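The values are calculated or read from the model by the stated rules, or taken from the named source; none is laboratory data. Since the model is a prediction, treat every value here as computed from it, not as a measurement. Cβ placement follows ideal geometry from the backbone for every residue including glycine, while neighbour counts extend to all protein chains displayed. Surface areas here come from the heavy atoms of the whole protein model, side chains and all, with no ligands, DNA or RNA. Shrake-Rupley method; radii C 1.70, N 1.55, O 1.52, S 1.80 Å.
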Protein chains: 2
Amino acid sequence: MPKIIDHDQRREDILDATWELLVRGGIEAATMREIAAQAGFANGALKHYFPGKDDIIKGAYERSLHRLGDHVAAATEGMRGLAALEVALRATLPTAAADQTASRILLSFWERAAFSPELRDGYGDHLASWRAGLVQYLEEAREDGDVDSPVSNEQLVDEAVTLNIGATLLQALGTDYVNGDYLASHVDAFLDRIRVAR
Amino acid sequence: MPKIIDHDQRREDILDATWELLVRGGIEAATMREIAAQAGFANGALKHYFPGKDDIIKGAYERSLHRLGDHVAAATEGMRGLAALEVALRATLPTAAADQTASRILLSFWERAAFSPELRDGYGDHLASWRAGLVQYLEEAREDGDVDSPVSNEQLVDEAVTLNIGATLLQALGTDYVNGDYLASHVDAFLDRIRVAR
């Protein structure tokens, strides 16, 4: 019987190995050679699955992002407007110590993306879709009469997203650099400013 | 006459070369070998000035930070309280396209700092001193009767600093990812929330 190679599984193995190396030592530790060794591949064999290092980093990052997306989608399922906005804002706050792994992957990705148009475009797409989701919740919340603010939806979302990104970066540096209580309070204050008093 | 070597100048030359490489290609491009070549040094000669790569990155970052510190100090000279707070918040916003270089250096530094206790501690000191300055302005502003907020000074500063860091990261990725008008408006909104109406 011929040996059957599960190529999807091998791609996953490579991303697992990359993830492991990124978490331990950042972008410099994740060389093609180290990734191959960690995944149990011959050095040249990685190229059958990913043409270069940026493609692997992109793959690891996109997988992480899809997991976060699934998490938020599950948390907001069946919700709309202000309720969905609140859940989405809180579900993506990097407050749990366990999130530090994901924050570090993201930091390594950001560092590469600043110098790679392809990675940067990928992040731009993610950012655009994240923002569009929050803007939609805000539009619904205004329709529902739950939100009233002279500030545009785009500007409100810019504030929330920028704050979230800053918190993620601080958490990647050290869990003692980010204060989960403060972050939750920043979201409270943000929602209080736009919520219609009942 | 013996050749006189200006060691301070040579350290500056090494930091200039590192800066150049970091701006062009990020942390991976700034290898000891490339830094030596760019600065016109023999490969082993760098070690007389900096023991290792992290020390060079730290040096380049600290120099950039001192320049930012000088810029803010000059902008707030002779000021206190609310006026100093406002100037300090606006002076550190990464809005000008020219700031992208500094933001990219910072992103490379952050990526390394997540995996180096020494670099991380250096950033922790910077963060603590940045926060302490803003907290002091807030204390003065409350003394002067210019600020009234039920939120603690530490929490207010956490919000401003986290937002600034998020904006810096987005600017390092691409100047079109950060909207200077929105950022200025976020600072306006922040100040409006705590300012005593006259």
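Of the residues A:Leu183, A:Leu169, A:Leu119, only one is under 12 Å from the mean Cα position of the chain (by Cα), assigned to a helix (DSSP H, G or I) and within 27 Å of B:Phe109 (Cβ to Cβ); which? Before you say what the answer is, go through the steps one by one.
Values: A:Leu183 fails: under 12 Å from the mean Cα position of the chain (by Cα); A:Leu119 fails: under 12 Å from the mean Cα position of the chain (by Cα).
Exactly one residue qualifies, and that residue is A:Leu169.
Looking only at the range A:90-100, decide whether some residue is facing another protein chain (nearest Cβ under 9 Å) and either within 18 Å of B:Arg104 (Cβ to Cβ) or out of contact with any Ser or Thr (no Cβ under 9 Å at 6 or more places or on another chain) (or both). Checking the range A:90-100: not a single residue is facing another protein chain (nearest Cβ under 9 Å) and either within 18 Å of B:Arg104 (Cβ to Cβ) or out of contact with any Ser or Thr (no Cβ under 9 Å at 6 or more places or on another chain) (or both). Only one entry in A:Ala17, A:Ala74 is touching a helix residue (DSSP H, G or I) at 6+ places or on another chain (Cβ under 8 Å) and not polar (S, T, N, Q), namely A:Ala17. Within the range A:109-126, the set of residues being within 7 Å of chain B (Cβ to nearest Cβ) and within 23 Å of A:Leu183 (Cα to Cα) comprises A:Trp110 only.
Among the candidates B:Arg67, B:Arg104, B:Arg90, B:Arg80, which residue alone is touching an Asp or Glu at 6+ places or on another chain (Cβ under 8 Å) and open to solvent by 10 Å² or more (accessible area, probe 1.4 Å)?
Values: B:Arg67 fails: touching an Asp or Glu at 6+ places or on another chain (Cβ under 8 Å); B:Arg104 fails: touching an Asp or Glu at 6+ places or on another chain (Cβ under 8 Å); B:Arg90 fails: touching an Asp or Glu at 6+ places or on another chain (Cβ under 8 Å).
Testing whether each residue is touching an Asp or Glu at 6+ places or on another chain (Cβ under 8 Å) and open to solvent by 10 Å² or more (accessible area, probe 1.4 Å) leaves just B:Arg80.
Any idea how many residues of the range B:117-132 are touching a Gly at 6+ places or on another chain (Cβ under 8 Å) and in contact (Cβ under 8 Å) with a residue 40 or more places away in the chain?
Narrowing the range B:117-132 to residues touching a Gly at 6+ places or on another chain (Cβ under 8 Å): B:120, B:124.
Keeping just the survivors that are in contact (Cβ under 8 Å) with a residue 40 or more places away in the chain gives none.
Going through the range B:117-132 one residue at a time, the tally reaches 0.
Restricting attention to the range B:97-116, which residues are touching a residue at least 24 places away in the same chain (Cβ under 8 Å) and outside any helix (DSSP H, G or I)? If the condition is that a residue be touching a residue at least 24 places away in the same chain (Cβ under 8 Å) and outside any helix (DSSP H, G or I), then B:Ser116 is the only one that fits.
Can you find, within the range B:166-181, the residue that is nearest to the other protein chains (Cβ to nearest Cβ) among those that are of a type in the set (Gly, Ala, Ser) and crowded, with 24+ Cβ neighbours inside 10 Å?
Quick first cut of the range B:166-181, residues of a type in the set (Gly, Ala, Ser) only: B:166-167, B:172, B:174, B:180.
In the following step, the residues that additionally are crowded, with 24+ Cβ neighbours inside 10 Å were identified as B:166-167, B:172.
Values: B:Gly166: 3, B:Ala167: 5, B:Ala172: 5 Å.
Ranking the qualifying residues of the range B:166-181, first place goes to B:Gly166.
Reported count of residues in the range A:182-194, each being crowded, with 23+ Cβ neighbours inside 10 Å and within 13 Å of B:Ala160 (Cβ to Cβ), is 1.
With respect to being more than 19 Å from the chain's Cα centre (by Cα), surrounded by fewer than 18 Cβ atoms within 10 Å (Cβ to Cβ) and under 20 Å from A:Arg120 (Cβ atoms), A:Gly40 falls outside the description. Taken over the range B:131-165, the criterion of being at the interface with chain A (Cβ under 7 Å from one of its Cβ atoms) and open to solvent by less than 10 Å² (accessible area, probe 1.4 Å) is satisfied by B:Asp158, B:Thr162, B:Ile165.
Per the listing B:Glu62, B:Glu12, the residue uniquely touching a residue at least 60 places away in the same chain (Cβ under 8 Å) and either more than 22 Å from the chain's Cα centre (by Cα) or surrounded by fewer than 18 Cβ atoms within 10 Å (Cβ to Cβ) (or both) is B:Glu62.
Which fully enclosed helices (runs of 4 or more DSSP H) of the range A:1-77 have 2 or more residues being within 25 Å of A:Gly133 (Cβ to Cβ) and more than 14 Å from chain B (Cβ to nearest Cβ)? Reasoning before the result, please.
Working: elements: A:7-29, A:32-39, A:53-75.
Helices (runs of 4 or more DSSP H) meeting the threshold: A:53-75.
So for the range B:47-63 (the condition being over 25 Å from B:Leu173 (Cβ atoms) and of a type in the set (D, E, K, R)), does at least one residue qualify? Yes. Of all the numbered requirements in (1) among the aliphatic types (A, V, I, L, M); (2) more than 18 Å from the chain's Cα centre (by Cα); (3) modelled with pLDDT under 85; (4) under 24 Å from A:Ile57 (Cβ atoms), B:Ala29 misses one, and that requirement is (3).
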